[in-house]
Each structure stands twice: as C-alpha cells, then as structure tokens.
Amino acid sequence: MDDDLIDEAGIPRSRYTRLPGKGFFYPDSLDEERAERRAKEAIEGSEAVVIADGDADGLACAAMVREAYDAALDVADFEAAIAARLAEGDAESDTEDGGDDAKEFEDTDADDPTADAHARSPVGLVSAGPYSLDTSLERVLAYADDDVDLFVCDLCPDDYEWIAEPLEALAEEAGSIRWFDHHQWDEETAAAVRELGVDLVVGESDGECTADVTLRSLDHAFDDRWAELAAVTRDHDLWIKEDPRSDDLADYSYWAGGEEYATVVGAHGADLPETVEAFVADRRVEKEARVDAAVDRAVTHEVGAWTVAVTYGRCSQNEVAEALREAGADAAVIVKPAGSASIRGSEEFQYAHEVAGRVNGGGHPQAAGCKPEIYDDMLDYAQHWTTEGQACKRVILAAFEAVAEEVAAADDGDEETDGSDEKTDD
C-alpha cells in the first residue's frame, strides 16, 4: 500500500476522521509478532507482572504495584523523550482508542532513552484490552518464572470459559494471583475465579475506580499523593468531572504508551509536570477539532422513552458523548472507523451495558463498548467507511429497541403488581 494513502498530512480532517488510524492497516499477524516479542521481554525474569487495561485507571494500578515493589522506572528519561518529541513537532499519535494494545508496540526511535523501558522494571507491565485478556494470560503463562506474582487490574472477562485454560494453569504455577476491578461481574464468573485461589476484589462500579480498589488492597504504606491520584482518576473514570486534572490524566493516558504513563504518574501523581502538560495541550488542538466534527455528524433517534444520538468518526468518545448529552440526548452512540462503538448513557439512560451485551460487548450502565460481528471482509469495511457506519448503527439501534421493549414490559409488570397489591389490601 502507498504510504501516502494513509498519511493524514494535507488531507482534510473531514475525510481522515472517517477512516481508522494507520495502525488499522498494519496486518494483525505482524502486530502479533511484535506484541509477542515485547510481552516476552517485559515478562521474562520479572518478580511480578501486571496485566492492566491501558487507560488511566488500569495504568494507575500498575504504577501502584510498582511502587509497592520499589520497581518504578526513572521518570527523567521519559520527560526528556517527551521534550524531544515536542521540539521536533512530533507530538501527533496515530492511536484511535486509548487502551488498545497497538500503541504499546509502535516503532520507537533507536535514540529514544525509553525504547527498552518495558524490559527494565522487575515488575513487568502488559497492557491489555477487554478482548485480549486471554492472550495476555497465555503470554504470562509462557514467559513468566514459576512463583511469579500476577496482578490483573481493571479488566472483567465476559465469560469465564474464555480465560479458563490459561488462568487455571497460572493458578497452579504462580506464587500468587490478585485481581482488582470495579466493573460489574457475573456472579458465576467471579465464583469460578475465586475457586482457583485468586484474590479477586471488585469495588462498587458506581463508587470506586480500580485505582481505589488497588490502593486499599495492596499491603503497602502509600503516601497521600497516591490517594489523590486515585481520587482524580475516579473523577474521570466515573464521569464525576469535578477536578479539571482528571481530563489531563485521561487525555495523557490516551496518547502515551503504558510504560510512560505509569512512570510519570508514579513519580508525579495527579499533578503532571510542565513537559507533559505542554504535550497534552499540543494534542488537544487536534482532539477538540475531531470532537466538533463528530458532534456535527450526529443524528438523533427516538427509541422508546429515550433520545439517542448516533454519530461516527475517529474522536474522543467521552467528550463527544458529553456534548450530545448537553444537546438533549439521553444516550450517545459513537461508531468508530475501526468497526467498534462506544455507548454512553446518563441519569435517564442506565442500560448501556445491556445494549452492548446484545452486540458483542459489555461495560457499565452508563458506559459500554461493543464491536458488532458484521465485518466479514474489507468490502464490509469499505462500506462502513463510505456510509459512516450505517450497518453498525442499524444493529446497535435495534439493540436499543430491544432493551426499550424489555424495560417497558418490566414497567408494565410492576404497575400490574402494584394494582394487584392494592386490590388485595381492599
């Protein structure tokens, strides 16, 4: 493929935000080879390994585990690398979604002092997404020493059988397995994990982020900056939005690699250094333009009692959803060029996880994600891009309709029960 076809330079934003980032066009087989190599280098010889979601919450947990093991990396190297990128005008990133595996394995300049950071700490970090947890467990099983301490943070399996084989083998070999999370777990899955001897701690999804859970669960005397980091992380992760620093943390985790983010917040806590603030400010110019483009593309639909706004594009889904809620939407759907979608709710709509569950996804009542199984070949993706995700939008709206019918039926049943009770009382 001609590189110019996927180079955003000189292409109008209205066009390139309709397409995935460059990483989408990189073959999965080559990505897997690179990811496997990097994971091996991070895991081999480590005293402990952390498998964490690659967002601000998961990576804050990784930083806490490294602090507990006195295994943090030198932040000066990372700050120097960030300053060099800014000086060269190279603050742009091709990453579409925070937390995906691809950004951990981008090609790195050989002169970058952080190029081998993933192999330096005695606590290895493996960034994972909700769809790569089984692969991450398999890599720890393959490369970790016997008696390694394993931590899994901010990740919830949709189905125990999906992770059963590697987790059961690790339960036999690892020194300990501790799992910290705040998502909504299926009772049977949680029971199956605990039966293996895994120390599973799940916080209240509407009151804690996983950084809160990790901070109170680790046997270590953390100083006050760690509690502050957890509080600011929670402010964004639970969409409280009372501390302006939480947007900085979320944006930085979205654009930085996992090693960089964990090291910087481990050293500085919630107050990012000036170099990082400059980097975040530089990236926000593009981010805000993409948000505006996605909001302009939104179309609203009346589904049951809810107003659902649906849009498409490469953008920051949380900010788009907030803007659509402010415009009157009860729920927002952001369909992405890579084929996945984010579903965001509100006080009026707390069924995002139920909608996502019908289209190959899951999550929280007010924040969920999915990737409908509708893409069989590149022609399907070509249609996805040229129609701004029409097929994906249709199946997600159908899921909204199904959930709306269930909620209405449940409400009618409650009313009938109340009426029966009143008649009996008479």
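The values are calculated or read from the model by the stated rules, or taken from the named source; none is laboratory data. Just so it is clear, the structure is predicted and the values come from calculations on it, not from any experiment. Cβ sites come from the backbone with ideal geometry, for glycine too, and all protein chains shown count toward neighbours.
Checking each residue in the stretch 129-145 for being at pLDDT below 95 and touching a Gly at 6+ places or on another chain (Cβ under 8 Å) picks out Gly129, Pro130. Of the residues Ala256, Ala309, the single one that is closer than 27 Å to His384 by Cβ and crowded, with 21+ Cβ neighbours inside 10 Å is Ala309. Pairing each residue of the stretch 373-402 that is more than 14 Å from Ile343 (Cβ to Cβ) with any residue that is of a type in the set (Asp, Glu), provided the two are 6+ apart or on different chains, yields C-beta distances under 7 Å for Ile374/Asp380.
So, of the residues in the stretch 1-51 that are β-branched (Val, Ile, Thr) and modelled with pLDDT under 95, which turns out to be surrounded by the most Cβ atoms within 10 Å (Cβ to Cβ)?
Start the filter on the stretch 1-51 by keeping residues that are β-branched (Val, Ile, Thr), which leaves 6, 11, 17, 43, 49-51.
Add one more test, that the residue is modelled with pLDDT under 95, and what stays is 6, 11, 17.
Numbers: Ile6: 18, Ile11: 14, Thr17: 20.
Across the stretch 1-51, the extreme among qualifying residues is Thr17.
The residues in the stretch 129-163 that are out of contact with any Pro (no Cβ under 8 Å at 6 or more places or on another chain), crowded, with 16+ Cβ neighbours inside 10 Å, under 24 Å from Glu187 (Cα atoms) and hydrophobic (A, V, I, L, M, F, W, C) can be counted, and the count is 4.
A quick yes/no check of all residues on (1) aromatic (Phe, Trp, Tyr); (2) crowded, with 23+ Cβ neighbours inside 10 Å; (3) part of a helix (DSSP H, G or I):
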{"position": "Val291", "(1), (2), (3)": "no, no, yes"}
{"position": "Ala294", "(1), (2), (3)": "no, yes, yes"}
{"position": "Glu302", "(1), (2), (3)": "no, no, no"}
{"position": "Ser342", "(1), (2), (3)": "no, yes, no"}
{"position": "Gln350", "(1), (2), (3)": "no, no, no"}
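On the given criteria, is Lys287 on the phi > 0 side of the Ramachandran plot and within 20 Å of the chain's Cα centre (by Cα)? When the stated conditions are applied, Lys287 does not pass them. Could we say that Asp247 is in contact with a His (Cβ under 9 Å, 6 or more places away or on another chain) and not basic (Lys, Arg) here? In short, yes.
The conditions are (1) assigned to a loop (DSSP other than H, G, I, E, B); (2) within 29 Å of Leu150 (Cβ to Cβ), and Ala250 fails exactly one of them. Which is it? Against the list (1) assigned to a loop (DSSP other than H, G, I, E, B); (2) within 29 Å of Leu150 (Cβ to Cβ), Ala250 comes up short only on (1). Residue count for the stretch 21-62, restricted to those that are more than 30 Å from Val202 (Cα to Cα), of a type outside the set (D, E, K, R) and touching a helix residue (DSSP H, G or I) at 6+ places or on another chain (Cβ under 8 Å): 3.
Among residues of the stretch 352-388 being part of a helix (DSSP H, G or I) and among the charged types (D, E, K, R), the one that is farthest from Ala321 (Cα to Cα) is Asp380.
Note on the stretch 266-282: residues that are of a type outside the set (Val, Ile, Thr), buried (at least 18 other Cβ atoms within 10 Å of the Cβ) and outside any loop (DSSP other than H, G, I, E, B) total 3.
Going by what's in this entry, would Thr300 be described as closer than 30 Å to Tyr351 by Cα, in contact (Cβ under 8 Å) with a residue 12 or more places away in the chain and polar (S, T, N, Q)?
Working: closer than 30 Å to Tyr351 by Cα: yes; in contact (Cβ under 8 Å) with a residue 12 or more places away in the chain: yes; polar (S, T, N, Q): yes.
For Thr300, the condition - closer than 30 Å to Tyr351 by Cα, in contact (Cβ under 8 Å) with a residue 12 or more places away in the chain and polar (S, T, N, Q) - is met.
Taking the criterion of being among the charged types (D, E, K, R) and either free of Cβ contacts under 8 Å to residues at least 12 places away in the same chain or touching a strand residue (DSSP E or B) at 6+ places or on another chain (Cβ under 8 Å) (or both), the only residue of the stretch 260-287 that qualifies is Glu274.
Residue-level check: of (1) touching a strand residue (DSSP E or B) at 6+ places or on another chain (Cβ under 8 Å); (2) outside any loop (DSSP other than H, G, I, E, B), Glu172 misses just (1). Arg325 satisfies every condition listed in (1) touching a Phe, Trp or Tyr at 6+ places or on another chain (Cβ under 9 Å); (2) part of a helix (DSSP H, G or I); (3) within 18 Å of Leu238 (Cβ to Cβ) except (1). Within the stretch 337-371, the set of residues being farther than 23 Å from Val202 by Cβ and in contact with a helix residue (DSSP H, G or I) (Cβ under 8 Å, 6 or more places away or on another chain) comprises Pro337, Ala338, Gly339, Ala341, Ser346, Arg358, Val359. Got at least one residue in the stretch 206-213 being surrounded by fewer than 20 Cβ atoms within 10 Å (Cβ to Cβ), in contact with a Pro (Cβ under 9 Å, 6 or more places away or on another chain) and not in a helix (DSSP H, G or I)? Yes, because at least one residue in the stretch 206-213 is surrounded by fewer than 20 Cβ atoms within 10 Å (Cβ to Cβ), in contact with a Pro (Cβ under 9 Å, 6 or more places away or on another chain) and not in a helix (DSSP H, G or I). Condition first: buried (at least 20 other Cβ atoms within 10 Å of the Cβ) and more than 22 Å from Gly21 (Cα to Cα). Now tell me which residues in the stretch 363-397 satisfy that. Listed by number, the residues that qualify are Gly363, His364, Gln366, Ala367, Ile396.
Among the residues of the stretch 33-55, those identified as among the acidic types (Asp, Glu) and over 19 Å from the mean Cα position of the chain (by Cα) are Glu33, Glu36, Glu41, Glu44, Glu47.
Within the stretch 312-321, take every residue that is part of a helix (DSSP H, G or I) and modelled with pLDDT of 95 or more and give me the one that is surrounded by the most Cβ atoms within 10 Å (Cβ to Cβ).
Ala321
Residues in the stretch 143-159 that are touching an Asp or Glu at 6+ places or on another chain (Cβ under 9 Å) and either among the hydrophobic types (A, V, I, L, M, F, W, C) or farther than 25 Å from Asp212 by Cβ (or both): how many? Adding up the residues that qualify gives 11.
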